[in-house]
Amino acid sequence: MEKRISIKLVNNIEEAKKVWDKLSPNNVICDDWNYRYCFYKYFNYPLYFYVGLDQEEVIGLLPLQFNEDEKYLEFFGGGFMRDNRVFIKPGYEDCIEQFYDAITFSVKLAKIIGEDQFTKSLDVYKYKYVANLSVANNAEDYLIKNFKARSRKKLQKKVEIIKQLNPKIIINNYSDMDLLVELNKKSFGEKSSFNKPFRSEMFHDLLELNFDIHLLSYIINGKKEAVSFSIKYNNVYNYINTGSNKNDTFNLGSYIIYQQIERAIEFKAKYLDAGMGDLGWKEIWHLEKTSQYMFSK
């Protein structure tokens, strides 16, 4: 039988954090308040946290903010966030739709995990790509178990070209975050996410959090040609962003992906989360795609 709950709005950030801390499962990195706060604090948009109550008991949370530039509600932390959802106490899953029904403003909510029947009825926004590493011992083993011989040899050849150049990898030289930003802008031009306001500052702030940081700088022939940024959170290795000099001779992209898989396995991650969209490589590397949904009105 469907339960009827009351829903109140929380706008005070201290109270909002208390509810978040009470209900967030902290399974994935976007469940982490500190991670989201890095993407929130520069805009400081008004909070619209829809809190569900069964009498006096807090049983659910839909954490939103009002984007004052676009004039609609979005998830707390903005558009970079994924794996969004209603945090719900077990046994109240049939109440999730009521949180969305309670919204009376213009709203655009994207990248929602399909964990319940209502969410799975929504339109698919995009796909998130994840590599299952639980049965692989290293990157070579991942290739053997996921690729047919011909395609595997093609990728191995690209990786070997870089290996023959004796690359050096520097780990967690935080000043290289600036180089990542520079190279990313150089590669993607106007499409680079670092053209968005405060994005560079946000990434620098992430380095200051108590996370398992993996900032890798790739040196080839004495020059830093690329920087990749990942964070391991629980059993997931989150491949967040990269900047590199585009050079077909180097095949740097394939080598960087190979190193991400290698390092994720080395640090006992069960999954590599490569984020949203194929971007021309994720399906080639046989990452599994899962739907993330959207809700708007």
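Nearest 20 debye, what's the magnitude of the dipole of region 6-121 about its Cα centre given +1 on Lys and Arg Cβ and -1 on Asp and Glu Cβ?
340 debye
So how many Lys-Lys pairs in region 151-213 land under 25 Å Cα to Cα, not counting same-chain pairs under 8 apart?
Lysine pairs, 8 or more places apart or on different chains, close enough: 13.
Would you list, by chain and number, the aspartates and glutamates whose Cα falls below 13 Å from the Cα of LYS246, excluding same-chain residues fewer than 8 positions away?
GLU182, GLU225
Go through region 1-83 and name the trypsin sites (Lys or Arg not before Pro) that are in a DSSP coil and have 11 or fewer other Cβ atoms within 10 Å of their Cβ.
Those that pass, being in a loop and sparsely packed, are ARG4, LYS71.
In nm, what is the difference between 0.36 nm times the number of residues separating GLU15 and GLN164 and their Cα-Cα distance?
Roughly 48.1 nm would be gained on extension.
Consider a paramagnetic label point 7 Å from the Cα of LYS186 along Cα→Cβ; state which residues of region 222-246 have an amide N under 13 Å from it.
Correct set: 223-227, 243-246.
Contour minus end-to-end for ASP69 and LYS289, with contour as 0.36 nm per residue of separation and end-to-end as the Cα-Cα distance?
76.0 nm
Nothing charged except the Cβ atoms of Lys and Arg (+1) and of Asp and Glu (-1): what's the magnitude of the dipole of the chain about its Cα centre? Round to the nearest 20 debye.
1380 debye
Between exposed GluC sites (Glu not before Pro) in the chain, where DSSP calls loop and at most 15 other Cβ atoms lie within 10 Å, what's the longest gap?
For GluC sites (Glu not before Pro) (loop position, at most 15 other Cβ atoms within 10 Å), the longest site-free span of the chain is 116-207.
For SER121 and GLU266, what is the calculated FRET efficiency with R₀ set at 41 Å and r taken between the beta-carbons, to the nearest 0.05?
Computed FRET efficiency for SER121 and GLU266 comes out at 0.55.
If the only charges are +1 at each Lys and Arg Cβ and -1 at each Asp and Glu Cβ, what is the size of the charge dipole of region 129-291 around the Cα centre, to the nearest 20 debye?
Here the size comes out at about 720 debye.
Read-outs: derived from the displayed coordinates by stated rules, not from any lab. Everything quoted here is computed from the prediction, not taken from an experiment. Glycine gets a Cβ as well: all are built from the backbone with ideal geometry, and neighbour counts include every protein chain shown.
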